[in-house]
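Below: the structure, in structure tokens.
The values are calculated or read from the model by the stated rules, or taken from the named source; none is laboratory data. This is a predicted model, so every value here is computed, not measured. Cβ placement follows ideal geometry from the backbone for every residue including glycine, while neighbour counts extend to all protein chains displayed.
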Amino acid sequence: MGCGKVSEGFRFPSDKTFIIAEIGINHNGSLDMAKQLIDVAAEAGCDAVKFQKRTPHMSLPPQLWNQERDTPWGVRMTYLEYRQKIELGPRDYQEIVRYCGEKGILFSASPWDLNAADTVFCLGAPFIKVASASVTNLPLLNRIAEMGRPVVMSTGMSSLQEVRQAVYALRCGNVPQIALLACTSTYPCKPEDLHLERIHTLKEEFPDFLIGYSGHEPGLWTTLCAVAMGAKLVERHITLDRTMKGSDHAASIEPKGLQMLVREIRNFEKARGSGEIGVRACEEKDIKRLRG
């Protein structure tokens with residue numbers, strides 16, 4: 001593979017929470033809407049945006065091709081036709097990468113098939129995302145492992161053994177850094193189904209990896225709890241409007257919510273501070289007044 005070299009050498013930071021705004025397919029097949037969502041993520045202070053990249057006839061099981069479904073455009077069509085219509089094209093993605101550079105935010109995507117993986121690599125994504133649905137797709141994992149880029153992998157719908165097998169496949173390649181995200185693949189997800197303690201389980205099982213959280217729940221507080229529990233990387237779906245028609249809008253955060261989430265994560269990082277017990281500089285002026 002001879003493309004995508006511009007992003008070689010990327011590593012996730014160790015001094016802050018890495019925040020990914022998951023655009024996914026919430027662009028509804030519109031380049032203009034994709035740019036608006038990039039603007040939302042950049043203005044909120046996110047570190048990266050992430051899309052979903054598919055080659056519809058490769059990633060969609062043939063038995064689903066002709067199943068009819070409702071679509072964001074108000075018409076019914078087959079599942080294959082829907083996937084083809086919502087998929088952004090090569091020129092769209094070239095413009096998206098350019099636009100991300102202009103806005104100072106990183107671009108990435110989760111490929112759902114081998115062709116899509118090659119495309120994401122050649123677009124220069126500094127890291128590759130493995131969706132929960134792809135944890136057991138060993139041919140795809142093997143292809144991604146060859147690319148030499150850091151990998152973020154969600155662990156929804158997966159047993160611990162399946163996660164171990166996926167990690168083994170990635171480690172057999174040339175992956176320089178792996179991040180695993182605790183995740184429940186329900187859209188939207190109820191608080192009782194989040195099981196944030198899995199953050200600790202992943203930390204114990206994979207102590208050398210970055211451990212994070214990918215959420216699909218309404219609200220923000222559970223994501224903040226995940227950061228407080230040690231998540232070093234967080235991912236949340238974003239949308240312009242949660243009432244829009246489409247697969248993931250209802251499980252996404254609107255612009256004001258995203259701004260609040262990023263702000264409070266950064267405030268928590270400041271508040272976490274040091275564990276050292278002692279008099280703080282800000283307390284000195286009150287010692288005499290309060291202690292006499």
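Here are a few things to note about the model shown:
- Residue satisfying condition, being in a helix (DSSP H, G or I) and either out of contact with any helix residue (DSSP H, G or I) (no Cβ under 9 Å at 6 or more places or on another chain) or more than 19 Å from Ser158 (Cβ to Cβ) (or both), within set Thr223, Thr201, Thr243: Thr223
- Pair list, Cβ under 7 Å, 6 or more apart: the range 20-35 residue farther than 21 Å from Val234 by Cα, other residue assigned to a helix (DSSP H, G or I) and modelled with pLDDT under 90: Asn28/Ile86; Gly29/Lys85; Gly29/Ile86
- Residue within the range 79-89 that is surrounded by fewer than 21 Cβ atoms within 10 Å (Cβ to Cβ), more than 28 Å from Leu180 (Cβ to Cβ) and in contact with a strand residue (DSSP E or B) (Cβ under 6 Å, 6 or more places away or on another chain) present: yes
- Among the residues listed as Glu235, Glu192, the single one being among the charged types (D, E, K, R) and in a strand (DSSP E or B): Glu235
- Filter result for Thr71 (at pLDDT 95 or above, touching a helix residue (DSSP H, G or I) at 6+ places or on another chain (Cβ under 8 Å) and β-branched (Val, Ile, Thr)): no
- Near pairs, Cβ below 6 angstrom, 6+ apart or cross-chain, from the range 142-170 (closer than 25 Å to Tyr187 by Cα) to any residue that is of a type outside the set (A, V, I, L, M, F, W, C) and not in a strand (DSSP E or B): Ser154/Ser132; Gly156/Ser132; Gly156/Thr184; Gly156/Ser185; Met157/Ser132; Met157/Ser185; Glu162/Thr136; Val163/Thr155
- Taking the conditions (1) in contact with a Lys or Arg (Cβ under 7 Å, 6 or more places away or on another chain); (2) within 20 Å of Ala250 (Cα to Cα) in turn, Arg54 satisfies each one other than (2).
- If you go through the range 42-92 and keep only what is among the aliphatic types (A, V, I, L, M) and touching a His at 6+ places or on another chain (Cβ under 9 Å), you end up with Leu80, Ile86, Leu88.
Okay, residues lined up against (1) over 22 Å from Ser14 (Cβ atoms); (2) surrounded by fewer than 20 Cβ atoms within 10 Å (Cβ to Cβ):
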{"site": "Asp113", "(1), (2)": "yes, no"}
{"site": "Thr119", "(1), (2)": "yes, no"}
{"site": "Pro126", "(1), (2)": "no, yes"}
{"site": "Leu140", "(1), (2)": "yes, no"}
{"site": "Ser154", "(1), (2)": "no, no"}
{"site": "Pro188", "(1), (2)": "yes, yes"}
{"site": "Asp193", "(1), (2)": "yes, yes"}
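- If you filter the range 17-65 down to residues that are modelled with pLDDT of 95 or more and of a type in the set (Val, Ile, Thr), you find that the one that is nearest to Leu240 (Cα to Cα) is Val40.
- The range 72-84 residues that are without any contact (Cβ under 8 Å) to a residue 60 or more places away in the chain, paired with ones that are in a loop (DSSP other than H, G, I, E, B) and surrounded by fewer than 18 Cβ atoms within 10 Å (Cβ to Cβ) (beta carbon under 7 Å, 6 or more apart): Arg76/Asp70; Thr78/Trp65; Thr78/Asn66; Thr78/Gln67; Tyr79/Trp65; Tyr79/Gln67; Leu80/Trp65
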